[in-house]
1. If a residue must be open to solvent by 50 Å² or more (accessible area, probe 1.4 Å) and small (Gly, Ala, Ser), how many such residues does segment 192-211 contain?
2. Step by step: first the residues of segment 226-239, then only those that are under 16 Å from the mean Cα position of the chain (by Cα) and either among the hydrophobic types (A, V, I, L, M, F, W, C) or in a strand (DSSP E or B) (or both), then the one that is surrounded by the fewest Cβ atoms within 10 Å (Cβ to Cβ). Which residue is that?
3. Checking residue 19 against (1) loosely packed, with under 13 Cβ neighbours inside 10 Å; (2) in a helix (DSSP H, G or I), which single condition isn't satisfied?
4. Considering segment 78-119 alone, what residues qualify as being modelled with pLDDT under 75 and aromatic (Phe, Trp, Tyr)?
5. Could you list, in sequence order, the residues of segment 130-147 that are modelled with pLDDT of 95 or more and open to solvent by 30 Å² or more (accessible area, probe 1.4 Å)?
6. Given the conditions (1) at pLDDT 90 or above; (2) at negative phi, which single one is not true for residue 23?
7. Take residue 165 and decide whether it is in contact (Cβ under 8 Å) with a residue 24 or more places away in the chain and open to solvent by less than 20 Å² (accessible area, probe 1.4 Å).
8. Taking residue 160 as the residue in question, decide whether it is in contact (Cβ under 8 Å) with a residue 12 or more places away in the chain, out of contact with any His (no Cβ under 9 Å at 6 or more places or on another chain) and loosely packed, with under 15 Cβ neighbours inside 10 Å.
Amino acid sequence: MAFGDQPAYLRVADDLRKKIAAGELPPHARLPSQARIREEYGVSDTVALEARKVLMAEGLVEGRSGSGTYVRAQPVPRRVVRGGFHAAGEVTPFRQEQADDRITGSWEAESDQEEAGGEIAERLGVGVGERVMCTRYVFRSQGEIVMLSTSWEPLGLTGRTPVMLPEEGPLAGRGVVDRMAVLDLVVDNMAEEVAARPGRAEEVLALGGVPGHWVMVISRTYFAGGRPVETADVVVLAERYRIAYRLPVK
């Protein structure tokens, strides 16, 4: 489709997008009103409204109640550094998820037993409905929430052991490798997949984003001799982070 054949609202949105990128409409500047867009571009109110909706969906502008629509300040993307497999040692849950030694952080966690759904059961190699320990993490850096994570471990493996609760007991706050070693399981492999999807409302709000923003999800599974012992989903705002890997060369 040639540019001139695009729907009118996309042409208007594209021109406004270019003005934002060029600084003609700088951060915190008020977007032209619907009436001004209509007059400047010679379009209907409906077209002007749809163009603004496109820019909102892209996270370029935001509405302020009773005031109008304003250009959003775009965050400078930061990196979530993934370091591959972590050997045994002083590995905290935060370091397990962010391998950049220059970044320090804290975490909060809450664990509950639940039944494994289809996807989690497949990832853990257990039957649908089997009991798993689900732990939800909130990770902070300098007081700011930077990522969310949910992990699942099969209770058929960890149940009635000192490491059943990841954040309680003698190895509370240690990584998967150390905790599984208590069960004589040597974690020797891990796999990760990175995907993007629209963020759920509770995720986006917790991470300081705007409803409608996309998130990146890192799905990670640890293995011991080919057996899955833990799987997790790590969630970050797509507009704020880039996923970087540092992997050993063999």
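1. Residues flagged as open to solvent by 50 Å² or more (accessible area, probe 1.4 Å) and small (Gly, Ala, Ser) within segment 192-211 amount to 3.
2. If we filter segment 226-239 for residues that are under 16 Å from the mean Cα position of the chain (by Cα), which is where we start, we get 231-239.
This time we only want the ones that are either among the hydrophobic types (A, V, I, L, M, F, W, C) or in a strand (DSSP E or B) (or both), so: 231-238.
Values: 231: 25, 232: 22, 233: 18, 234: 25, 235: 20, 236: 27, 237: 24, 238: 20.
Across segment 226-239, the extreme among qualifying residues is 233.
3. Checking residue 19 against (1) loosely packed, with under 13 Cβ neighbours inside 10 Å; (2) in a helix (DSSP H, G or I), the one that fails is (1).
4. Once the filter is applied, which keeps residues that are modelled with pLDDT under 75 and aromatic (Phe, Trp, Tyr), segment 78-119 yields 85, 94.
5. Restricting attention to segment 130-147, the residues satisfying the condition of being modelled with pLDDT of 95 or more are 130-136.
130, 131, 136 - these are the residues of segment 130-147 that are modelled with pLDDT of 95 or more and open to solvent by 30 Å² or more (accessible area, probe 1.4 Å).
6. Of the numbered conditions (1) at pLDDT 90 or above; (2) at negative phi, the odd one out for residue 23 is (2).
7. Details: in contact (Cβ under 8 Å) with a residue 24 or more places away in the chain: yes; open to solvent by less than 20 Å² (accessible area, probe 1.4 Å): no.
Here the answer is no, as residue 165 does not meet what is asked.
8. On the way: in contact (Cβ under 8 Å) with a residue 12 or more places away in the chain: no; out of contact with any His (no Cβ under 9 Å at 6 or more places or on another chain): yes; loosely packed, with under 15 Cβ neighbours inside 10 Å: yes.
When the stated conditions are applied, residue 160 does not pass them.
The values are calculated or read from the model by the stated rules, or taken from the named source; none is laboratory data. These numbers were taken from a predicted model, which means no experiment stands behind them. Please note: Cβ atoms are built from the backbone with ideal geometry, for glycine as well, and neighbour counts cover all protein chains shown. To get the accessible areas, we keep the full protein, side chains included, count just its heavy atoms, and leave off ligands, DNA and RNA. Shrake-Rupley method; radii C 1.70, N 1.55, O 1.52, S 1.80 Å.
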